[in-house]
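Heads up, the thing below is written out as structure tokens.
The values are calculated or read from the model by the stated rules, or taken from the named source; none is laboratory data. Computed from a predicted structure; not experimentally measured. For neighbour counting, all protein chains shown are included, and Cβ atoms are generated from backbone atoms with ideal geometry for every residue, glycine included. Keep in mind that these areas ignore ligands, DNA and RNA; they rest on the heavy atoms of the full protein, side chains included. Shrake-Rupley method; radii C 1.70, N 1.55, O 1.52, S 1.80 Å.
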Amino acid sequence: MEGWRVFVLRLGHRPERDKRVTTHVLLVARAFGAHGAFYTGERDEKVEESIRKVVNSWGGSFTVEFAGDWAGKIREWKRSGGEVIHLTMYGLPLSEVIEEIRRSGRDKLVVVGSEKVPRLVYDLADWNVSVTSQPHSEVGALSVFLHELYMGQELKREFENAKIKIIPQARGKKVVRVS
Ligand code: SAM
């Protein structure tokens, strides 16, 4: 066990525009070892419901919560002793900072944007971290960040209280009911 917990903060969700991408951010967060996520922008019960259904069937205790005030959430996280890592192509290269972040022992709030990210996020973050200095996606950035943070151990994780699970196959699909 690492001794710290990881939550993701997804900024600026708009149901019409971001439904799929926000869902993918949350699915990646869960599958790659985060404990839960917050999202800001507009409340979207459909997205929340779809993640809760995944947790119910596939296990684990991942939580999703709407946060009305992103700056308030970041400040609250810092006040309670956690650190804030903002993923941005303008930040310091992941490979240069990941070890220090991993070693810090503090709970981690990983912030990803959607459209333009306000300047205040850069200022409030303890770390602005880039996953390459090229523009790509919050889904890609989050996947690689979590993979490096957990040093690949998240790939072997079993989810507790799952109702269904996959038995990996070289070809074809095998899904079994486990509870
Ligand atoms: N134009 C936006 C801005 O002002 O930052 C970024 C849009 S990008 C589609 C959405 C999010 O993906 C960013 O806020 C960031 O969290 C993430 N992202 C994209 N490229 C990244 C990179 N190279 N490194 C880290 N995060 C990245």
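Among (1) within 13 Å of the ligand (Cβ to nearest atom); (2) open to solvent by 10 Å² or more (accessible area, probe 1.4 Å); (3) closer than 20 Å to Ala37 by Cβ, there is one condition Arg79 misses while meeting the rest; what is its number?
Condition (1) is where Arg79 drops out.
Is it true that Ser143 is of a type in the set (Gly, Ala, Ser), within 18 Å of the chain's Cα centre (by Cα), in a loop (DSSP other than H, G, I, E, B) and within 13 Å of the ligand (Cβ to nearest atom)?
Values: of a type in the set (Gly, Ala, Ser): yes; within 18 Å of the chain's Cα centre (by Cα): yes; in a loop (DSSP other than H, G, I, E, B): no; within 13 Å of the ligand (Cβ to nearest atom): yes.
Taking the combined requirement at face value, the residue does not satisfy it.
Which numbered condition trips up Thr63, out of (1) touching a residue at least 60 places away in the same chain (Cβ under 8 Å); (2) surrounded by 14 or more Cβ atoms within 10 Å (Cβ to Cβ); (3) under 15 Å from the mean Cα position of the chain (by Cα)?
Only one criterion is unmet by Thr63, namely (1).
What tally of residues in the stretch 118-130 results from selecting those that are near the ligand (Cβ under 10 Å from one of its atoms) and open to solvent by less than 20 Å² (accessible area, probe 1.4 Å)?
First pass over the stretch 118-130, keeping only residues near the ligand (Cβ under 10 Å from one of its atoms): 118-119, 121-122, 128-130.
Remaining after also requiring open to solvent by less than 20 Å² (accessible area, probe 1.4 Å): 121, 129-130.
Within the stretch 118-130, residues that are near the ligand (Cβ under 10 Å from one of its atoms) and open to solvent by less than 20 Å² (accessible area, probe 1.4 Å) number 3.
Give the residues of the stretch 1-39 that are in a strand (DSSP E or B) and basic (Lys, Arg), sorted by residue number.
Going through the stretch 1-39, the residues in a strand (DSSP E or B) turn out to be 6-13, 36-39.
Listed by number, the list holds a single entry, Arg10.
Please go through the stretch 100-157 and give me each residue that is out of contact with any Phe, Trp or Tyr (no Cβ under 9 Å at 6 or more places or on another chain), within 14 Å of Arg10 (Cα to Cα) and basic (Lys, Arg), ordered by number.
Listed by number, the list holds a single entry, Lys116.
Out of Val139, Val176, Val112, which single residue is open to solvent by 30 Å² or more (accessible area, probe 1.4 Å), in contact with a helix residue (DSSP H, G or I) (Cβ under 9 Å, 6 or more places away or on another chain) and touching a residue at least 12 places away in the same chain (Cβ under 8 Å)?
On the way: Val176 fails: in contact with a helix residue (DSSP H, G or I) (Cβ under 9 Å, 6 or more places away or on another chain); Val112 fails: open to solvent by 30 Å² or more (accessible area, probe 1.4 Å).
None of the others qualify; the one that does is Val139.
Of the residues that sit in the stretch 1-21 and are touching a residue at least 12 places away in the same chain (Cβ under 8 Å), open to solvent by 30 Å² or more (accessible area, probe 1.4 Å) and within 25 Å of Arg106 (Cα to Cα), which one is nearest to the chain's Cα centre (by Cα)?
Arg5
I'd like the full set of residues that are surrounded by 13 or more Cβ atoms within 10 Å (Cβ to Cβ) and either out of contact with any Asp or Glu (no Cβ under 9 Å at 6 or more places or on another chain) or at pLDDT below 95 (or both), limited to the stretch 142-153. Step through it out loud before you land on a result.
Looking only at the stretch 142-153, we keep the residues that are surrounded by 13 or more Cβ atoms within 10 Å (Cβ to Cβ), and these are 142-150.
If the condition is that a residue be surrounded by 13 or more Cβ atoms within 10 Å (Cβ to Cβ) and either out of contact with any Asp or Glu (no Cβ under 9 Å at 6 or more places or on another chain) or at pLDDT below 95 (or both), then Leu142, Ser143, Val144, Phe145, Glu148 are the ones that fit.
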